1. Do we have any residue at all in region 628-646 that's farther than 30 Å from Lys748 by Cβ and touching a strand residue (DSSP E or B) at 6+ places or on another chain (Cβ under 8 Å)?
2. Among the residues of region 791-804, is there at least one that is surrounded by fewer than 19 Cβ atoms within 10 Å (Cβ to Cβ), touching an Asp or Glu at 6+ places or on another chain (Cβ under 8 Å) and modelled with pLDDT under 90?
3. If we scan region 943-950, do we find a residue that is among the acidic types (Asp, Glu) and surrounded by 20 or more Cβ atoms within 10 Å (Cβ to Cβ)?
4. Kindly provide the set of residues from region 776-799 that are of a type in the set (D, E, K, R), assigned to a helix (DSSP H, G or I) and in contact (Cβ under 8 Å) with a residue 12 or more places away in the chain, ordered by number.
5. Scanning for something more than 30 Å from Ile515 (Cβ to Cβ), touching a His at 6+ places or on another chain (Cβ under 7 Å) and in contact (Cβ under 8 Å) with a residue 40 or more places away in the chain, does region 973-993 turn up at least one residue?
6. Hey, could you check region 975-1023 for residues that are crowded, with 16+ Cβ neighbours inside 10 Å and part of a loop (DSSP other than H, G, I, E, B) and say which is farthest from the chain's Cα centre (by Cα)?
7. Could you please let me know if Gly503 is assigned to a strand (DSSP E or B), in contact with a helix residue (DSSP H, G or I) (Cβ under 9 Å, 6 or more places away or on another chain) and of a type outside the set (D, E, K, R)?
8. Inside region 491-505, can you point out the residues that are of a type in the set (Gly, Ala, Ser) and open to solvent by 60 Å² or more (accessible area, probe 1.4 Å)?
Amino acid sequence: MDSPRQSKKANLNREPKRSQNQSSTPPQKDAYARLLSQHRSSKFSLYLEQYAKDLSCQREGNGPSTLLKAQSDRLNIPQRKRDQVPNDFSDSSDFSPSSLRGKGEESSLSLYMEKLSSRNAQQDCERKQGVSDRQRRGQRRDTTTSQDGDIESGEELGCLTPNDLNKHQKQQKKNKDSKETDQFVARPQSPKKASTSGQEQDKMTKSKRKNLPKHPDEEKSREGAGVDAQLPRPMSPHGKDKKPQHPRASATNSPADKRKNRGGRGSRKQVFESYMIFEEVSHGLKRGELIQGQLRINPKKYHEAFIPSPNDTRDIFLDGIVARNRALNGDIVVVQVLPQEQWKVVRSDTDCEGASESETQREHVVQTMQKKTERTPRPDVVADQCSDQDEVLSKFQNTTLSDTEGHLEDSSTPRPNGEILQKTAKVVYIVEKKHSRAVTGFLKFLPDKPFAMFSPVDHRVPRINVPLADCPEDFCSRPGDYTNTLFICRITNWAADSNFAEGQLAKTLGQAGEIEPETEGILTEYDVDFSEFSDEVLDCLPKNLPWTIPPEEMRKRRDLRNECIFTIDPATARDLDDALSCKQLPDGNFEVGVHIADVSYFVEEDNALDAIASQRATSVYLVQKVIPMLPRLLCEELCSLNPLTDRLTFSVIWKITPEGKILSEWFGRSVIRSCVKLSYDHAQSMIEAPEKMFSAEELPPADPVHPIDEIHQAVLNLHSIAKNLRAQRFSGGALRLDQLKLSFTLDKETMMPQGCYVYQYRDSNKLVEEFMLLANIATAHHIYRKFPELALLRRHPPPKTKMVDELQELCDQLGINIDLSSAGALHKSLNTTLGDDEYSSARKEVLTHMCSRPMQMALYFCTGGLKEEQLFKHYALNVPLYTHFTSPIRRYADIIVHRLLASSLKCGPHLGLSTEEVQKQASHCNDKKTVSKRVQELSSELFFGVFVKECGPLDSEAMVMGVLDQSFDVLVLRYGVQKRIYCKSVVGLDSFHHRKVGKKSELTLVWTPEDAEEAPVEQVISVFTLVEVQLKADGAPLKYSAVLKRPEDTGS
């Protein structure tokens, strides 16, 4: 067995990066290592055990012994901390080489015996008193990821190095400073300076740190690359009468953290609590003692996680990896709320992570070290905040989250000193592992180990031990060849006694930073099935090609092939699932039709094709390609409403007035023949030039039966009606939150980005949208009327009340006249209160982003599973019933709706679906839609990262979206991306200070004058401040940062 010294040496060999950055080790370290070595001799161990036993007896008989009390007093351990002495001495700041300096009267042995004996005595007592494993662990820090990202093997190593301790102390001091005052003043410093300044602070901190409650700082990025991202989360210190929070000592995960992976030599400590049994969980949920929800982990501070509060107050906080108990992002978990003295204290509503910082998930993923750091089915925070009763699985079908309301004290009420308590909890059961357990990352060779260490790019996933037999053949002999190789690893097990998961390599992707390997990694992590369709699935497709509509099918349908019907889609679209028609009637009204591909004709219920479509649930749109829900023969041929071809459709046809009033409505199966495939650009040209005579060369090939003028007039009539419909919708209280969307032009051969632009949403888009909405609303009413227990609808819950109130207060303090009382009021004020100068649209984008934070995601649901009809409502559209009917080629929910519609019209088979089956499919569609949205965002971020690298640096104006105490977020106006700028990384900055008045937060940046004789230049940063930035590629693959330019350079 290795001695500690050997073990340490091996570790240094494994971690050349860290050893370069650390200062030389003081001599105490070797003495301490020898002490540990002595401890492992059997005689000494027996002596210590006997000592601990004697002391345990004393404590049981007489309370804490005089000896122990005296020793504890000398160590300055507060009484409350004596009750929770950590199980692992190697992690404690009260016993380390650094803390022993200045304690000349104590010998190392004496102190060590005190630590060990108090630990053993407490363990004995706790075993008798039933103290939970979580409480015994008390001050344990998260151990899964180190500060700089280098990998530790699973073995227990020596001790906390002085350099690491200095970093720890420095962070504690920073926390204390930020907690004691609303103002924060700092000077930018490089990571190197930061570590030395920690040593200087060591003396100042020593006397204070033992009494300080320990709180996490914002996690420093794994590489520590130039950006000091250690932002203290503002929160109030605990009063002396309160117990400190258990979960974690510090977010700075030093190497010593991971040494606790194993307890002693040959024994393994329990790291995580065992899960409750199903019966306990079921009873606990029914009694309101437990809460179920979807876990979301903050990608910037991966030790922080949240689940939604069941009663729409502040999210419940899970502090640390141990509290998550091996659950991963997106999992449906059951949590137990911790005692109130362990709740998190925050100074104001916006300091609460659930209300503000968690939204940083929206920020461009490559900001946080590497491109996939933020991969979560969250795409946005809104997505992860909605795991309500619709998400409850069948085994908890009778227990909705609302059952827990009223059983737990609401923590939202401010206390007299302005502090607010946020509930904290721990995971006691995983209901459903929604996370794929597959991750991309890198392999690291560990000498003398039977496994390699897999380090995921996503910090929220633990390190994984991978058997060497699973690694490439030459990995052991040439590990350096694989430094930049991206692998996919699947977690196969995560034992309760290990900080590290076990797993197997699934695939070698290729070089990090290249588009195809990165894309495959994204798809695999998010469990997107991109495999080829099986022969069994393909056997379900029509065999006789080219396929024609059977005569008997034609007889069952309304024949619309002679009507002027056309499609309007993006120029590159190949799955055309909707078409429009508009014919003027003699009475001056119009016959308007929406014609949707009849996918349910080809996808029969319960065959292999239906099974794979229901499992995929949606097509996934990447920048360079589509992962289809259905085989391409259907997507692009038989179902796609291609021009000049007979196609099967489901139609809804209205008689409608020019003002948009509906006079009559018809649903039915039909046959159409599209006369032309228009792009949005073509339709926009027609709208903008109503008098123009378009030539055949200006448009795609069209059916000669319908002259171009007829098509042009139909587009103009549709546009006119759509404008009226839209005006009615918004005057009736609808809301639309448009956010900037980035599009790319690609090289046709290499598929690399050649350029990018912000996508323009124009009248032609609005035209199509209005009639799709109208069709969806009409279908929702029809199927709910016919199938009140089976209808698959789509609801949009209102925004979170607490967050809306906070946003209203912030806007009031910023002087923004905005009304958040309803969807319609918000829409109206968004479009009227931001001025009419050249930056009014930018201000609107920033405000739209702020307003989207409290919003929840729309959800599919089965009407039979939700008893209150009031909950069916769609908040943004402000309609009582809504569904998805118009895109069955790319959404499985629409196929179910088509089947319901066909059954109700007696033109399709009888449905064999139950309420439970529809609800289960609805929940699955919700999950897959969230994933699809996130994957689409990551694909865009991947291509933009490549674009910055190939075409950068890129200059742009940017507008400030949010201000923290050491950083601020900006919207880069030219490209529509959001970036965080860290003050400590800004070159040329002399100092900065933070000020917060109420909800309004502002930073003052003091720039070093370029001429020594000039006065420093001050720049005030608050929401809506306009700044100049430059986007530059960083060293890591696809990582880029926004560099703030000096105000002089911008002419301000």
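The values are calculated or read from the model by the stated rules, or taken from the named source; none is laboratory data. Treat the numbers as computed from the prediction; the structure is a model and nothing was measured. Note: ideal-geometry Cβ built from the backbone for every residue, glycine included; neighbour counts use all protein chains shown. Side chains included, ligands, DNA and RNA excluded: accessible areas come from the protein's heavy atoms. Shrake-Rupley method; radii C 1.70, N 1.55, O 1.52, S 1.80 Å.
1. The answer is yes; a qualifying residue exists.
2. Yes, region 791-804 contains a residue that is surrounded by fewer than 19 Cβ atoms within 10 Å (Cβ to Cβ), touching an Asp or Glu at 6+ places or on another chain (Cβ under 8 Å) and modelled with pLDDT under 90.
3. Step one: list which residues in region 943-950 are among the acidic types (Asp, Glu), which gives 950.
The next check asks that each one be surrounded by 20 or more Cβ atoms within 10 Å (Cβ to Cβ); those that pass are none.
Looking for residues that are among the acidic types (Asp, Glu) and surrounded by 20 or more Cβ atoms within 10 Å (Cβ to Cβ), one finds none in region 943-950, hence no.
4. Filtering region 776-799 down to residues of a type in the set (D, E, K, R) leaves 785-786, 789, 794-795.
Pick out the ones that are also assigned to a helix (DSSP H, G or I) and you get 785-786.
Passing the criteria: only Lys786.
5. Let us first name the residues in region 973-993 that are more than 30 Å from Ile515 (Cβ to Cβ), namely 983-984, 986-993.
Restricting the remaining residues to those that are touching a His at 6+ places or on another chain (Cβ under 7 Å) gives none.
No, region 973-993 contains no residue that is more than 30 Å from Ile515 (Cβ to Cβ), touching a His at 6+ places or on another chain (Cβ under 7 Å) and in contact (Cβ under 8 Å) with a residue 40 or more places away in the chain.
6. Looking at residues that are crowded, with 16+ Cβ neighbours inside 10 Å and part of a loop (DSSP other than H, G, I, E, B), I get Gly988.
7. Values: assigned to a strand (DSSP E or B): yes; in contact with a helix residue (DSSP H, G or I) (Cβ under 9 Å, 6 or more places away or on another chain): yes; of a type outside the set (D, E, K, R): yes.
So Gly503 passes the test.
8. Initially, region 491-505 is screened for residues of a type in the set (Gly, Ala, Ser), giving 495-496, 498, 501, 503.
Scanning region 491-505 gives no hits.
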